[in-house]
1. Please compute the modelled spin-label separation between SER193 and GLU90, points set 7 Å along Cα→Cβ, answer in nm with one decimal.
2. What does the net charge come to around LYS103 if you take all other residues with beta carbon closer than 15 Å to its beta carbon, with K and R at +1 and D and E at -1?
3. Quick one: length gained pulling LEU168 to THR68 fully straight, 0.36 nm per residue minus the C-alpha distance?
4. Suppose the chain between ASP123 and MET152 were pulled fully straight at 0.36 nm per residue; how much longer would it get relative to their current alpha carbon spacing?
5. Can you sort MET152, MET144 from fewest to most other Cβ atoms within 10 Å of each residue's own Cβ?
Amino acid sequence: MKNAHLSYFPKGELCQLKNSKFHQPRNLPLLDQDLNFLPCSVAVSKGSESEMKEFCEPVIAAKKRRATSEHIAGITLSDLAKNFGVPITEASRNLNVGLTVLKRKCREFGIHRWPHRKIKSIDGLIRDLQEEAKHREDDHKALMAVTKRQMMLQNERESIERTPFRELEIETKRFRQDVFRRKHKARALESQSSSV
């Protein structure tokens, strides 16, 4: 069992390992094509230049190019803020950079988490308030309270766009929990009424 690791080698190579200090590499066949490049070099040797253009141009056009370092350095916080409303993968496509590059750029600005979900949550709360305002058009005090809450959420959304690394306000979190609780109770009542 002591020489178990040597059992992977054929007998000839095992002798070479035992008898010499350095392992001699086996002679491997050389390939006509460099595997690091597209197969255009093969097309040149086998066909004419027109055939090569027909073959290579679509392949080269389909290949994505890396973003230049000047383009990456030119991305500002305002450029990122324009894309906070969409998922990070879509934002990376909009900014023409890779996902890893975008995440690295976010870390430079102190954004440790992409704020799309916070903004989406606030937008959902604003929509719920707008629906509630439609139902309470008769009650002036309730309408004023809904409008005040809506303005607070709008300000919260704008402040997240300016400083995306900050947490939601405690008041916003409580309001969101109340909305979730009301929706859950409404679904539970609806399912009970449908089952009876």
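None of the figures in this text is laboratory data; all of them are computed from the coordinates on show. No experiment lies behind these values; they were computed from the predicted model shown. Every residue, glycine among them, receives a Cβ derived from its backbone with ideal geometry; neighbour counts consider all protein chains shown.
1. The modelled label-to-label distance comes out at 3.4 nm.
2. Neighbour charge sum, excluding LYS103 itself: +2.
3. 32.5 nm
4. Stretched out fully, the ASP123 to MET152 stretch lengthens by 9.2 nm.
5. MET144, MET152
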